[in-house]
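The values are calculated or read from the model by the stated rules, or taken from the named source; none is laboratory data. It should be emphasised that the depicted structure is a prediction, and the values quoted were computed from it without experimental measurement. Don't worry about glycine lacking a Cβ; one is built from the backbone with ideal geometry, like all the others, and counts go over all protein chains shown. Only protein heavy atoms, including side chains, enter the accessible area calculation; ligands, DNA and RNA are left aside. Shrake-Rupley method; radii C 1.70, N 1.55, O 1.52, S 1.80 Å.
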Amino acid sequence: MPKKLPNYQRSSGYTLIEILIALTIIGLIFGIGYVSFRDFARRQALSGTVRSLKGDLRLAQAEALTGKKPNDPLKKCVDPLDVTKPRLNGYNFFVSGIRTYTIEAACSGGNVEVKRVTISSDMAISAPNPNPVMFKILGQGTNIGVTAATVNITQAGTGSVATITITSSGEIR
């Protein structure tokens, strides 16, 4: 009987083809996951900007409803007929640029800036009609006529648009 030689080809491991197939599958899964994550992140950025803008609109509305006068070192909220009596007309939401809006107290002596916001560089905001939107004091509504005012936020990377509507009674949707 002939003598058997040891079989050195029985070692365990993966072939080059098996490794390349596994890397290809991992690359495809990662690529699809990355695209999905990027789209999700963009949608979240747009919805976050919309939430922030609605919050600032509600801030202006709440300040006007309560008749709260701003902290005003220049005394612009003074009634010109009676300097001892401050006069507040309402709060304005004013779009001052493609990425900037301001919340201001509309006082008898001029406007007092309460908050200035610059949104992210890949977003753009459209000015409502009328601009500024004024929330009048003590629940007297807004300066918006019969039709509602709309503010559009456009995301540059995707072209997605979100719309915020403000009615003449002051409802924010």
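Restricting attention to the range 27-80, the residues that are open to solvent by 40 Å² or more (accessible area, probe 1.4 Å), free of Cβ contacts under 8 Å to residues at least 24 places away in the same chain and closer than 30 Å to residue 169 by Cβ add up to 5. Tell me, yes or no, whether the range 83-94 has at least one residue that is at pLDDT below 90 and open to solvent by less than 20 Å² (accessible area, probe 1.4 Å). Yes: the range 83-94 contains one or more residues that are at pLDDT below 90 and open to solvent by less than 20 Å² (accessible area, probe 1.4 Å).
Take residue 73 and decide whether it is farther than 25 Å from residue 40 by Cα, touching a strand residue (DSSP E or B) at 6+ places or on another chain (Cβ under 9 Å) and not charged (D, E, K, R). Judged against the criteria, residue 73 is not a match. Selection of the range 150-159 for residues being among the hydrophobic types (A, V, I, L, M, F, W, C) and open to solvent by less than 50 Å² (accessible area, probe 1.4 Å) yields 151, 153. Considering 105, 127, 162, the condition of being hydrophobic (A, V, I, L, M, F, W, C), open to solvent by 50 Å² or more (accessible area, probe 1.4 Å) and either in a strand (DSSP E or B) or modelled with pLDDT of 85 or more (or both) is satisfied by 127 alone. Inclusion of residue 141 among residues that are under 18 Å from the mean Cα position of the chain (by Cα) and either open to solvent by 10 Å² or more (accessible area, probe 1.4 Å) or over 26 Å from residue 41 (Cβ atoms) (or both) is not warranted.
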